[in-house]
């Protein structure tokens, strides 16, 4: 019975180690960091798009300004030529050129005003996104620290559990540990369990009175096993 009790302690340690492994893989802090990183990457991607659109709008404004300079130069040239033209047909042609250049310049001015509003809108979006990224960077920094702390706690718990396992294992016969390991590696439920009244704590099924009586009468050299799940059973 003493060996089985030691095995039960070992099983409790191994169960705790499995739970710790699962906790380490599913840390809430890891999920929080991942979510914060994904959100920040989204902000950065959106900022790249806004920056590209802002640059394109500014380039269009520069192009319009260059075009307007050409229009103004053309208007000035045609106006100067008009002063020296006597023939009505030639004067009319120059006036048409001046009107066309003036209309083009007016259209360019209207388009430039629209683009200036677009630039102002993109500037606001750029500022908002930069602020969001700064805030999110702080959240990521905090989440990274929280994850590091949680991992360190898990690692410390594992060190403590490993030390306890070593101590307990040293008090159990190697042959018994080998049997325990073989049984444990073949199952997902505990390889060693005790009873809660008549219920096996490994499979959570009840044992009959006859089954309990048989197990209790087993010689000291034999290891009682649950008739339902085959775990080593302390009765």
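Taking the chain as the reference, fit the longest principal axis to its C-alpha atoms, fit the long axis of helix 88-169 to the helix C-alpha atoms, and give the angle between the two in degrees, 0 to 90, nearest 10.
10 degrees
Ranked by Cβ crowding within 10 angstrom, fewest neighbours first, how are 140, 48 ordered? Walk me through the numbers on the way to the answer.
Numbers: 140 17, 48 11.
Least crowded to most crowded, the residues run 48, 140.
Pick from 188, 84, 31: which is most flexible by mean-square fluctuation in a GNM of the chain where alpha carbon atoms under 10 Å apart are linked?
84
Can you give me the Rg/Rh ratio for the chain, using Cα atoms for both radii and the Kirkwood formula for Rh? Present the calculation step by step, with values, prior to reporting the outcome.
Numbers: Rg = 41.2 Å, Rh = 26.0 Å.
When Rh is taken as the Kirkwood radius, the ratio is 1.59.
Fewest first, what order do 97, 90 take by the number of other Cβ atoms within 10 Å?
Working: 97 17, 90 13.
Ordered by Cβ neighbours within 10 Å, fewest first: 90, 97.
Using a Förster distance of 30 Å, how high is the FRET efficiency between residue 16 and residue 209, based on the Cβ-Cβ distance and rounded to 0.05? The partial results should precede the final answer.
Working: r = 33 Å, r/R0 = 1.10.
Approximately 0.35, to the nearest 0.05.
In degrees from 0 to 90, rounded to the nearest 10, what is the angle of the helix 2-25 Cα long axis to the longest principal axis of the chain?
0 degrees
Give me the percent relative contact order of the chain, please, defined on Cα pairs under 8 angstrom at least 6 residues apart.
Details: 193 pairs, mean separation 68.6, N = 235.
Relative CO of the chain lands at 29 percent.
Can you tell me which of 151, 139, 177 moves the most in a GNM of the chain? Springs connect C-alpha atoms under 10 Å apart.
Of 151, 139, 177, the Gaussian network model singles out 177 as fluctuating most.
Using Cα springs under 10 Å in a Gaussian network model of the chain, which residue among 54, 113, 33 shows the largest mean-square fluctuation?
The residue with the greatest mean-square fluctuation here is 113.
Where does helix 174-185 land angle-wise versus the long Cα axis of the chain, in degrees 0 to 90, nearest 10?
50 degrees
Can you compute the helix-only [θ] at 222 nm over the chain? Use -39500 (n - 2.57) per DSSP H run of at least 4 residues, normalise by all residues, nearest 500 deg cm²/dmol. Numbers along the way, then the final one.
Values: 5 runs with 181 residues, N = 235.
About -28500 deg cm²/dmol.
Rule-based calculations on the coordinates, nothing more; no lab input. The shown structure was predicted, so the numbers you read here are calculated from the model rather than taken from an experiment. Note: ideal-geometry Cβ built from the backbone for every residue, glycine included; neighbour counts use all protein chains shown.
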